[in-house]
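Visitor: One structure follows; several queries about it will come next.
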Amino acid sequence: MSVDVLYFAWVRERIGLPRERVETQAETVADLVAELTAREARYEAAFADPTALRVAVDQQLTDFDAPLAGAREVAFFPPMTGG
Amino acid sequence: MSVDVLYFAWVRERIGLPRERVETQAETVADLVAELTAREARYEAAFADPTALRVAVDQQLTDFDAPLAGAREVAFFPPMTGG
Amino acid sequence: MQVRVQEEPFDMGGELAGFAHGRRDAGAVVTFSGLVRDDTGDLSHLEIEHYPGMTTTAIEGIASEAIRRWSLSDALVIHRYGRLAPGAPIMMVATAAPHRADAFAAAEFLMDYLKSRAPFWKKEVTSAGEAWVEAKAEDEDALDRW
Amino acid sequence: MQVRVQEEPFDMGGELAGFAHGRRDAGAVVTFSGLVRDDTGDLSHLEIEHYPGMTTTAIEGIASEAIRRWSLSDALVIHRYGRLAPGAPIMMVATAAPHRADAFAAAEFLMDYLKSRAPFWKKEVTSAGEAWVEAKAEDEDALDRW
C-alpha cells in the first residue's frame with residue numbers, strides 16, 4: 001500500500017522534508033518507523049528516541065502499536081507546544 | 001461619644017434611613033445594637049437576626065464583639081453580594 | 001494595579017486590549033466579566049448599592065493580596081453600581097502573569113473575595129416586584145480554598 | 001462554538017466584546033489570552049508551525065468536550081501560526097456560562113488540552129539562534145486533573 005507520511009517541527013528538519021509518499025507493507029506504525037529508520041541516517045536521527053515522538057494516523061492522535069490497514073496519512077512530530 | 005451609623009440594602013430599608021448620628025455609651029458593636037434595638041420597632045426588625053448581619057467599624061469588616069472606643073463610623077448591612 | 005468603582009458602563013473589550021497591550025513579561029492574561037443574567041426573562045433591571053467610603057479600599061486590599069500571592073505582573077478590577085439592564089456588564093477582573101496557572105488562580109481568588117468581601121448589594125427588579133439577592137453559602141465556602 | 005486557526009493577528013478586545021455581547025443567559029465570561037513572552041529580552045520572534053489538516057478538528061473536539069462537561073452557553077478558540085513578534089497575541093479562549101465556576105473550569109480545561117493535544121509547535125528565534133520550545137512534563141501532568 002502507499003501512504004502519505006508527514007513530518008513536523010524538528011522531525012521535519014532532521015528528515016529534511018515536510019511530507020512524502022511511502023510504499024510500505026508495514027502493519028503498524030512501529031513497523032513503518034522500523035522501515036524508515038533502516039533507510040537512511042537522517043531517518044535514524046529523527047526516530048532515534050520514540051518516546052520523544054508523537055504520531056497521528058489519519059489526523060487522530062494514536063500510538064506506535066496502531067494498525068496501518070486502510071490508513072491514508074501518518075504524521076510524526078514532537079510533543080505539541082500549543083497555547 | 002457620637003458616632004455615624006450607616007445602613008445598607010434591606011437594613012437601610014427596614015430602618016428607613018441611610019445614616020444617622022448616634023449619641024451612645026456603647027463599648028462594643030453588640031452594645032450599640034442593643035441600644036438601637038430598644039429604641040423602636042423598625043430597629044428591632046432590622047437587628048432581629050444578628051447572624052444575617054455584617055458590620056464594619058471605620059470601614060473595616062469586623063464582628064459584633066469589636067470595641068467602639070475611638071470609632072467614627074459603624075455600618076450595618078447584610079452579607080455582601082458583589083461580583 | 002488599577003481599581004475602578006463607577007456608575008458608568010465600561011467597555012470590556014477596550015479594557016482587555018489596554019490591559020494586555022505591550023506586555024512582554026506576561027505570557028498569560030485572564031479576564032472574568034460578570035454580566036446581568038436574566039434566567040426567567042422577566043428581569044427589568046438590577047440595582048447595585050455600595051458603600052462608597054469602603055468599596056475602593058476593600059477591593060484594593062483584595063487585589064494587593066492577589067498580586068502578592070501569585071507574583072502577578074498586574075491586576076485590574078472594575079465594578080459598577082446603580083441601575084443595570086439585563087445583559088449589561090456588572091464588573092470585570094483581569095490578571096497578567098508569566099504563566100497561566102498564576103493568572104487563572106489569581107482571577108478566581110479575586111472573584112471569590114469580591115463576591116463576599118467587597119461591599120456591594122444587588123437587588124433584582126422584576127414585573128413581580130423587588131428582591132435583594134441573597135448571599136449563597138457556597139460563595140462563603142469558596143473562600144476556604146485560598 | 002467558534003474555532004479559528006489563522007496566520008493573521010486578531011483583536012482580543014474586539015473578540016471579547018463580540019463574544020459577550022447580548023448574552024442574557026450567561027452571567028460569567030472568562031477569557032485567556034496567550035502573548036509571546038520575552039523573558040531574556042533577546043527574542044526576535046516566535047515561529048509557530050501547525051498541522052493544517054488536523055488542527056481545527058482537534059480543537060473542535062476539545063471545545064466540544066468542554067461544552068459538554070460544563071454546560072457552557074458558548075466557547076471560542078482562536079490560535080495563530082506563523083511568525084509572531086514579542087508581546088503579540090498567540091491565542092485566546094473564551095467561555096460563557098451561567099455561573100463563574102463553570103466558566104473558569106472550562107477555560108482552564110481548554111488551555112490544558114490546547115497546550116498538549118492541539119498540533120502546534122513553537123520555535124524561538126533569538127540573536128543566538130533558533131530552538132524548538134520543549135514540552136514541559138507539568139503541562140502533560142496538568143491533563144490528569146480533568
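Visitor: Restricting the range D:42-64 to residues that are touching a helix residue (DSSP H, G or I) at 6+ places or on another chain (Cβ under 9 Å) and over 16 Å from D:Ala94 (Cβ atoms), which is surrounded by the fewest Cβ atoms within 10 Å (Cβ to Cβ)?
Guide: D:Gly61
Visitor: Also, I was wondering about something else. Looking at D:Ala26, is it in contact (Cβ under 8 Å) with a residue 24 or more places away in the chain and assigned to a helix (DSSP H, G or I)? Show your work before the answer.
Guide: Values: in contact (Cβ under 8 Å) with a residue 24 or more places away in the chain: yes; assigned to a helix (DSSP H, G or I): no.
Criteria not met by D:Ala26.
Visitor: Another question, if that's okay. Looking at the range C:82-103, which of its residues are closer than 21 Å to C:Gly61 by Cβ and touching a residue at least 60 places away in the same chain (Cβ under 8 Å)?
Guide: Matches in the range C:82-103: C:Met92, C:Val93, C:Ala94, C:Thr95, C:Ala96, C:Ala97, C:Asp102, C:Ala103.
Visitor: Any residue at all in the range B:13-36 that is surrounded by fewer than 18 Cβ atoms within 10 Å (Cβ to Cβ), at pLDDT 95 or above, assigned to a helix (DSSP H, G or I) and of a type outside the set (D, E, K, R)?
Guide: Scanning the range B:13-36, I find at least one residue that is surrounded by fewer than 18 Cβ atoms within 10 Å (Cβ to Cβ), at pLDDT 95 or above, assigned to a helix (DSSP H, G or I) and of a type outside the set (D, E, K, R), so the answer is yes.
Visitor: While we're on this one: What are the residues in the range D:26-45 that are more than 7 Å from chain C (Cβ to nearest Cβ), touching a Ser or Thr at 6+ places or on another chain (Cβ under 8 Å) and of a type outside the set (A, V, I, L, M, F, W, C), if any?
Guide: Within the range D:26-45, D:Thr40, D:Asp42, D:Ser44 meet the criteria.
Visitor: Across the range D:120-132, which residue is surrounded by the fewest Cβ atoms within 10 Å (Cβ to Cβ) among those that are in contact (Cβ under 8 Å) with a residue 40 or more places away in the chain and at the interface with another protein chain (Cβ under 8 Å from one of its Cβ atoms)?
Guide: D:Lys123
Visitor: Something else: With the checklist (1) modelled with pLDDT under 95; (2) surrounded by fewer than 19 Cβ atoms within 10 Å (Cβ to Cβ); (3) within 12 Å of another protein chain (Cβ to nearest Cβ) in hand, flag the one item B:Leu53 doesn't pass.
Guide: (1)
Visitor: Is it fair to say C:Ala106 is under 18 Å from C:Val3 (Cβ atoms), more than 14 Å from chain B (Cβ to nearest Cβ) and either out of contact with any helix residue (DSSP H, G or I) (no Cβ under 9 Å at 6 or more places or on another chain) or surrounded by 23 or more Cβ atoms within 10 Å (Cβ to Cβ) (or both)?
Guide: yes
Visitor: Counting only residues that are part of a loop (DSSP other than H, G, I, E, B) and in contact (Cβ under 8 Å) with a residue 12 or more places away in the chain, which one in the range C:1-21 is surrounded by the most Cβ atoms within 10 Å (Cβ to Cβ)?
Guide: Once the filter is applied, the top-ranked residue is C:Phe10.
Visitor: Under 8 Å between Cβ atoms, which residue pairs at least 6 apart in sequence (or on different chains) link something in the range B:44-64 that is under 12 Å from B:Trp10 (Cβ atoms) with a partner that is of a type in the set (D, E, K, R)?
Guide: B:Ala45/B:Arg14; B:Ala46/B:Arg14
Visitor: Let me ask you something else. Give the residues of the range B:67-79 that are within 12 Å of the chain's Cα centre (by Cα) and away from chain C (no Cβ under 13 Å), sorted by residue number.
Guide: B:Leu68, the sole residue that qualifies.
Visitor: Could you please find all residues in the range D:87-100 being under 16 Å from D:Ile67 (Cβ atoms) and either touching a Gly at 6+ places or on another chain (Cβ under 6 Å) or at the interface with another protein chain (Cβ under 8 Å from one of its Cβ atoms) (or both)?
Guide: If the condition is that a residue be under 16 Å from D:Ile67 (Cβ atoms) and either touching a Gly at 6+ places or on another chain (Cβ under 6 Å) or at the interface with another protein chain (Cβ under 8 Å from one of its Cβ atoms) (or both), then D:Pro98 is the only one that fits.
Visitor: Going through the range C:67-83 one residue at a time, which ones are more than 12 Å from chain D (Cβ to nearest Cβ) and more than 17 Å from C:Thr57 (Cα to Cα)?
Guide: Result: C:Arg69, C:Trp70, C:Ser71, C:Leu72, C:Asp74, C:Gly82, C:Arg83.
The values are calculated or read from the model by the stated rules, or taken from the named source; none is laboratory data. Treat the numbers as computed from the prediction; the structure is a model and nothing was measured. Glycine also receives a Cβ, built like all others from the backbone with ideal geometry; neighbour counts cover every protein chain displayed.
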